[in-house]
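*Asks:* I have a structure I would like to understand better, so I am pasting it below and will then ask my questions one at a time.
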C-alpha cells in the first residue's frame with residue numbers, strides 16, 4: 001500500500017499517483033528519438049551503418065561524431081534564441097506565427113548595411129547600398145537596424161492584439177505574410193552576401209551557443225526577479241485576477257514583445273489576451289504577484305502598495 005500523508009481538511013497525498021516532472025518527460029522523449037535514429041542508421045541499407053552520435057569511421061579522437069554534434073548544437077542554439085522570445089508569448093497564453101518570417105526580413109535588411117565595398121579588388125557585385133556609399137559601416141549600424149526592424153514588427157503585433165483585440169493567430173499570421181513580402185521586395189529575390197569581418201564574427205564558430213547561453217540567463221533573471229516577469233506569469237495564469245490585482249495587462253503584452261525583439265537574431269514576439277478558462281486557481285496565480293498585492297487579490301478590493309487606503313474595483 002502506498003504511503004499516504006494527511007493534509008489540510010483530511011486530504012491525502014498518495015505517492016503512487018505522483019506524476020513525473022515535465023522536464024523528465026521531455027528528456028525521455030529526447031532519448032527515445034536518439035535511439036530511433038541510431039536503430040535506423042544501423043538497419044536501413046542505404047545508411048551504410050552510420051551513427052547519429054558516435055564515430056563509426058574513426059575520423060575523430062573521441063567516440064562521438066564531433067562534426068555532427070557541433071552542427072546539432074549550433075542549430076539548436078540559433079532556434080533557442082528565437083524560442084526565448086516566443087516563450088514569453090506562450091507564458092501569457094498567446095502564440096506568434098511570424099517569428100521565422102520576421103527573422104528572415106530583419107536579417108535581409110540588417111545584412112544590407114553590413115556589406116563590404118570591394119570583393120577581390122572589385123566593387124561588391126551584391127552591394128545594396130554601394131552607390132550611396134553605405135558600405136564598410138561599423139558593426140553597431142547593422143545591429144541597430146536589425147533591432148529596430150524587430151521592435152517595429154513586434155510593436156505592430158502587440159498593438160493589434162492588445163489594443164484592437166484582433167486574435168493573435170490572425171494578427172501574427174498577417175505579420176508572417178507581410179514579413180515574407182518585405183524580405184522578397186528588399187532583396188529582389190537575390191542573396192545579400194559579402195559581410196564585413198566584424199559582422200560575420202557574430203555568428204562564427206560556436207558564438208551562437210555563447211549568445212544563446214547569455215540571453216537565456218538574462219531572460220531567466222528578467223522573468224524571475226522583475227515585476228514584468230511576475231505580471232507575465234500572472235496574466236498567463238488568470239488574466240482577470242491579474243487585472244484586479246493592479247497589473248496593466250495591455251502594457252505587459254506590449255513589453256513582452258519588445259524585450260525578446262531586442263535580442264540578437266531573435267524575432268519580435270506578440271502577447272495575447274487569454275480567452276480560455278484559467279488553468280490555475282486564484283491562489284496559485286497570486287503567489288507569483290508582488291507581495292503588497294497578495295493579501296487582497298482574491299477580492300474586489302485591493303490595498304494600494306505603499307498606501308493605507310483600500311481601492312474597491314467598480315465602486
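*Asks:* What's the exposure ranking of 97, 214, going from fewest to most Cβ atoms within 10 Å?
*Replies:* On the way: 97 19, 214 12.
Going from sparsest to densest Cβ surroundings: 214, 97.
*Asks:* Something else: Multiply the residue separation of residue 39 and residue 141 by 0.36 nm, subtract the distance between their alpha-carbon atoms, and state the gained length in nm to one decimal.
*Replies:* Gain in length upon complete extension: 31.9 nm.
*Asks:* Here's another thing I want to ask about it. Please order 233, 46 by the number of other Cβ within 10 Å, starting at the fewest.
*Replies:* With the sparsest Cβ surroundings first, the list reads 46, 233.
*Asks:* Counting other C-beta atoms within 10 Å, which of 161, 76 has the fewest, and how do the rest follow?
*Replies:* 76, 161
*Asks:* Provide the gained length on full extension for the span residue 26 to residue 221, in nm with one decimal, where the gain is 0.36 nm per separating residue minus the Cα-Cα distance.
*Replies:* Values: separation 195, 0.36 × 195 = 70.20 nm, distance 2.32 nm.
Result for the pair: 67.9 nm of gain on full extension.
*Asks:* Next up: Which peptide among 85-96, 195-206 comes first, and what is the full order, when sorted by highest mean count of other Cβ atoms within 10 Å? If you can, show how the numbers build up before the last one.
*Replies:* Details: 85-96: 23.1, 195-206: 14.3.
The most tightly packed comes first, giving 85-96, 195-206.
No value in this document is a laboratory result; all are computed from the given coordinates. This is a predicted model, so every value here is computed, not measured. In this analysis, Cβ positions are derived from the backbone assuming ideal geometry, glycine residues included, and neighbour counts consider all displayed protein chains.
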